[in-house]
Structures are given as structure tokens and as C-alpha cells.
1. Tell me, please, whether a residue that is hydrophobic (A, V, I, L, M, F, W, C) and assigned to a strand (DSSP E or B) can be found in the stretch 40-48.
2. Just one of 41, 82 is at pLDDT below 95 and of a type in the set (D, E, K, R); which is it?
3. Has the stretch 87-94 got at least one residue that is within 22 Å of residue 9 (Cα to Cα), of a type in the set (Asp, Glu) and at pLDDT below 95?
4. Can you pull out every residue in the stretch 18-37 that is at pLDDT below 90 and either more than 17 Å from residue 103 (Cα to Cα) or of a type in the set (Ser, Thr, Tyr) (or both)?
5. Cβ contacts < 8 Å: first residue among the acidic types (Asp, Glu), restricted to the stretch 140-151; second residue surrounded by fewer than 13 Cβ atoms within 10 Å (Cβ to Cβ), any location; separation 6+ or different chain. Result?
6. Return the residues of the stretch 131-156 that are touching a strand residue (DSSP E or B) at 6+ places or on another chain (Cβ under 7 Å) and either among the charged types (D, E, K, R) or over 21 Å from residue 31 (Cβ atoms) (or both); say none if nothing qualifies.
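The values are calculated or read from the model by the stated rules, or taken from the named source; none is laboratory data. Note that the coordinates shown come from a computational prediction; the quantities given were computed from them, not determined experimentally. Here Cβ is always computed from backbone atoms with ideal geometry, including for glycine, and neighbour counts include all displayed protein chains.
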Amino acid sequence: MKKIIPLEGCSQYGDDVNEAYKASACGPTTAYVMMNHLFGKQLINKSINEFYDMLGGTKIGLFKWRFIRNMRRYLGPDWIVKNCTIEEALAEIDAGRPVAAKFDQYFTLQFNKPALFAYHWVPLIGYDDTAELKLFIHDNGGRNRQSRIRSFYYNDQKHVLRFVRIAPRL
């Protein structure tokens, strides 16, 4: 079965992103895209730059624990923000909610295997499990390219992938 959430992506290298933040704004851009999908641009009323400051972005990126802690503070007690497994991530996709996916060779110490990204946050927006599990992400762009949907096989990247789900508390 193939499932992809239609959402509006955004580039971390967009003109509205502070020049000093662009190289390390993938985490805040992922949060911004996810919040826009969940609440709509009019309701969140924050820019990528404001998410960068609020989440505690640094020149070397956004740590997962900071992403979780500061998104919990931002969303409040009615929302769950936590690490999740691939099975939980796929359940979130089925529920129509994107998941924050982090590629991280540095903190997983997985330098001997190829990775799509060494250190990068992206919204996980879909999957296809008809044969081998394929994941779909909305890459946050590059210096000379817009954001776009990309796909890869989960087994090829699972050594560096971590997921954070954001879901309403029922």
C-alpha cells in the first residue's frame, strides 16, 4: 500500500530565512512545515527564523532532545512530542500527520555505511510497503534547489534514521 500526505514543503535556503541560519535550519524548517500542515499558516503565525530561535538551533544543527523539549513547550500539554519507532511513524502517516525524520551519522556513529544525508532533518510524508518498505520525505532544499519529494528504501538508511512524532493527546 502506498500512502503520501500532500503537504506544502519549504526550503531552508529560502529568501525569508536569515542568511546565518540557512545552513543549519533543516530542523526548524521541518517543524515549520509540520506545523503549517497541522494548523495552517494563519494559525501558527511563526517564521522559520522564529522556529530556529524557539527550538534552539545552532550552527551545527538542532539536537533531537532540543527539538522534542522545545516543541513540547510550544504545543503544550494537549500534544504528544516524542521519539517513535518506524511502526509508530507509519501509523502517524496513516493518520495524516507527517513525522520529523532525522538522518544522523554523527550521533549514531555509523560512518562505515552510506547515508542519504550525514546530518539532516526532514518531514517524513509517506511510505510504500508493497514490496520493500520505501519512505517518502519532503527534502528541505539546498543552496541552488527548491524543496522536493524524495524516496529511499528504509533498510538502506535505518542505521542513521530517528523519528519524532507530533500527535494530539486523545
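1. Looking through the stretch 40-48, none of the residues is hydrophobic (A, V, I, L, M, F, W, C) and assigned to a strand (DSSP E or B).
2. Values: 82 fails: at pLDDT below 95.
Going through 41, 82 in turn, just one is at pLDDT below 95 and of a type in the set (D, E, K, R): 41.
3. First, the residues of the stretch 87-94 that are within 22 Å of residue 9 (Cα to Cα): 89-94.
After this cut, where a residue has to be of a type in the set (Asp, Glu) as well, the list is 92, 94.
Those still in the list that are at pLDDT below 95 too: none.
The answer is no; no qualifying residue exists.
4. Selection gives 22, 24.
5. Between residues of the stretch 140-151 that are among the acidic types (Asp, Glu) and residues that are surrounded by fewer than 13 Cβ atoms within 10 Å (Cβ to Cβ), there is no close pair.
6. 132, 133, 134, 139, 148, 150, 151, 152, 153, 154
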